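Read through the structure below, which is laid out as structure tokens, and then see the notes.
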Amino acid sequence: MATPLVVGIAVAGSAYAGRYSIQAWNAFKARPAATAFRKFYPGGFQPQMTRREAALILGVRESSAMDKIKEAHRRVMLANHPDAGGSHYLASKISEAKDMMMRKKSNNA
């Protein structure tokens, strides 16, 4: 007598598990491609650095305070320093971005 009840519960549980699996798979397929993991600006450098580009390089807002700019410069420079295997070109662009942001801040103050 208990066997049909157990079999019915097992079949119902399997059906719900299958339904959940199909919904999870469809949600997985509908997610955006690897762009969710890319937190950097995909473009190249502009010939003349702008304030927007400097902010993108440092990962701060254009209206950030000087201490935030200095901390962002330190963080990005540690990751890209030539002595740690980074590029001299990238290090110069990071320093140029810091100078651009600091110069604009000191002119506005």
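Bear in mind these aren't lab numbers, they're just calculated from the coordinates by the rules spelled out. This is a predicted model, so every value here is computed, not measured. Note that each Cβ is placed from the backbone with ideal geometry, even for glycine, and that neighbours are counted across all protein chains shown.
Report the label-to-label distance for Met49 and Leu5 in nanometres (one decimal), using points 7 Å from each Cα along the Cα→Cβ vector.
Label at Met49, label at Leu5, 7.5 nm between them.
Rounded to the nearest 0.05, what FRET efficiency do Asn26 and Ser87 have when you use their Cβ-Cβ distance and R0 = 35 Å?
Efficiency, from the Cβ-Cβ distance: 0.25.
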